[in-house]
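A.B. asks: Shown below is the structure under consideration.
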Amino acid sequence: MPMVIVGLSVVVLLVLMMKFKLNGFISLLVVSALVAFWAVATGNFSVDGESAGLAQIPEVIKDGIGGQLGGTAVVVGLGAMIGRVMGDAGAAQRIANKILGVFGAKGVQWAMIVASMLIGVTMFYEVAFVILVPVAFTLVRATKVNLLWVGLPMSISLSTMHSFLPPHPGPTAVAGLYDASVGMTLAYGLMIAVPAGALMAMLWPRLPFVRKLDPKIPGGLLSDKEFEEKDLPSGFMSFFVALLPVILIAGSELILMAIGEGDDAWHHVLKMFGSPEISLLIALIVATIAFGPAQGRTMAQVGKSMSEGARAMAMIILVIGAGGAFKQVLVSAGIADYIAHHANNWDLNPIILAWLIAAILRIALGSATVAVSTAAGIAAPIVAATGASPELMVLATACGSLAFSHVNDPGFWMFKEYFSLNVGQAIAVRTTYTTVLAVLGLLGVLLLSTFIG
């Protein structure tokens, strides 16, 4: 019954948005409330392990929104401001021109794959996305190609890096549960992620059902001004500001991995500067100076750029938050516990079992983090009992959590809104690519398992 309710809730959500054209934010809140009412009526609604009633429904919805937007709103908002400040100063155009100069118009997809994989190794999907998307938009405008022709290689590459590899949260947490080496997991993961991600990034934009789509760049996220070469900022400063969050996050992460765990002042400083929120704030401050007074623009002009960038993100942030509410209601309705209980009796290859449990949880709940942590909790005893490689089990579990991104996944809404797709189009493009990537990842892990005991 719980899985039937999940399916029905998705159908209702699609009907509200596709047939009745109801706003995504409102649709998600309505469906979240309906699922919560069912859970209360059947005695399946709980908060922190304690049975809950109607009075707790608003709190769960608020917690879901708050939990999702606690970091996402800051990241998306700061990213949009940086992108707009750079765009209004011509820095995004300078970066796009340099990329076209190196790769050419025909190689723009490879440029996005290389940049996304390098940045995505250490950065969250959302953070890397908001850093790269202004460049993708500018390349689309410069080359006059379809938005998805450039945007999909970027998104697919980032999804692959984020879901397959530590030090991203899901794989890192699972590595701890399986007692796996983070370094070896990263090494094995790169063997699968790079070829699988590159293959998908080049293949998916060429599929007929993708090519027939022609979404437009969302208004307010990119300056309409075309700059003369002489008016553009320097290439060094343009790339420096764009890469500054990457330098701070990746540099801090690499140093922390090298020196190990600790509780001294240096560890705290590195963790602070390596956080997405602080690194993006620093980048925005540098961008304000470099592309403001240092380039002859007033602070009022820079402030206007920030406001317009943030304004364009308002509905995107609300929809992402509502996606978090839907996910939290499903968790409180006991869907994860129901799946975990039944999965304990499955007799399968441990690699396939871990992947399958994570994939089912991902379909039901939308949250990749909940999917990997729950699946790992079920499969962890199997690692010790069967002697399966803990590193490969990490990858199998992480790959499963990538599958079937759809309407209960906040990342789905971010993808949909930035690329101006309707719900049906986003399902056709994103749900399919995440699922095929997850299957390719599983096949890669199974192949590696024939060589690694």
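A.B. asks: Kindly establish whether A310 is outside the structural domain of L100 (by TED's automatic domain parsing), over 25 Å from M161 (Cβ atoms) and out of contact with any Asp or Glu (no Cβ under 6 Å at 6 or more places or on another chain).
C.D. replies: Numbers: outside the structural domain of L100 (by TED's automatic domain parsing): no; over 25 Å from M161 (Cβ atoms): yes; out of contact with any Asp or Glu (no Cβ under 6 Å at 6 or more places or on another chain): yes.
No.
A.B. asks: Taking the options I278, I320, name whichever one is in contact with an Asp or Glu (Cβ under 9 Å, 6 or more places away or on another chain), farther than 21 Å from S238 by Cβ and crowded, with 17+ Cβ neighbours inside 10 Å.
C.D. replies: I320
A.B. asks: Oh, and also: If you scan the range 290-343, which residues turn out to be touching a residue at least 60 places away in the same chain (Cβ under 8 Å) and among the hydroxyl-bearing types (S, T, Y)?
C.D. replies: Of everything in the range 290-343, those that are touching a residue at least 60 places away in the same chain (Cβ under 8 Å) and among the hydroxyl-bearing types (S, T, Y) turn out to be S305, S332, Y338.
A.B. asks: I've got another one for you. Based on what the data block shows, is V30 closer than 23 Å to V423 by Cα, free of Cβ contacts under 8 Å to residues at least 24 places away in the same chain, in the same structural domain as G424 (by TED's automatic domain parsing) and not acidic (D, E)?
C.D. replies: For V30, the condition - closer than 23 Å to V423 by Cα, free of Cβ contacts under 8 Å to residues at least 24 places away in the same chain, in the same structural domain as G424 (by TED's automatic domain parsing) and not acidic (D, E) - is met.
A.B. asks: Now a separate question. Of the residues V74, V35, V15, only one is part of a helix (DSSP H, G or I), assigned by TED's automatic domain parsing to the domain that holds N408 and either surrounded by 19 or more Cβ atoms within 10 Å (Cβ to Cβ) or touching a residue at least 12 places away in the same chain (Cβ under 8 Å) (or both); which?
C.D. replies: Just one listed residue meets the conditions, V35.
A.B. asks: Let me ask another. Of the residues A283, A300, which is closer than 30 Å to L254 by Cα and in a helix (DSSP H, G or I)?
C.D. replies: A283
A.B. asks: Additional query: For the range 100-112, how many residues meet the condition of being in contact with a helix residue (DSSP H, G or I) (Cβ under 8 Å, 6 or more places away or on another chain) and surrounded by fewer than 24 Cβ atoms within 10 Å (Cβ to Cβ)?
C.D. replies: Of the residues in that region, 8 qualify.
A.B. asks: I've got another one for you. S223 fails exactly one of the following numbered conditions: (1) modelled with pLDDT under 90; (2) more than 23 Å from V145 (Cβ to Cβ); (3) surrounded by 20 or more Cβ atoms within 10 Å (Cβ to Cβ). What is the number of that condition?
C.D. replies: Condition (2) is where S223 drops out.
A.B. asks: Further, regarding this structure: Name the one entry in A136, A96 that is assigned to a helix (DSSP H, G or I), modelled with pLDDT under 90, more than 15 Å from the chain's Cα centre (by Cα) and of a type in the set (A, V, I, L, M, F, W, C). Give the steps one after another, and end with the answer.
C.D. replies: Details: A136 fails: modelled with pLDDT under 90.
Criteria check complete, one pass: A96.
A.B. asks: Could you check I352 against (1) more than 23 Å from the chain's Cα centre (by Cα); (2) modelled with pLDDT under 90 and say which number it fails?
C.D. replies: Tallying (1) more than 23 Å from the chain's Cα centre (by Cα); (2) modelled with pLDDT under 90, I352 fails exactly one: (2).
The values are calculated or read from the model by the stated rules, or taken from the named source; none is laboratory data. All figures in this text were calculated on a predicted structure; none of them were measured in a lab. All Cβ positions, even for glycine, are placed from backbone atoms using ideal geometry, and neighbour counts span all protein chains on display.
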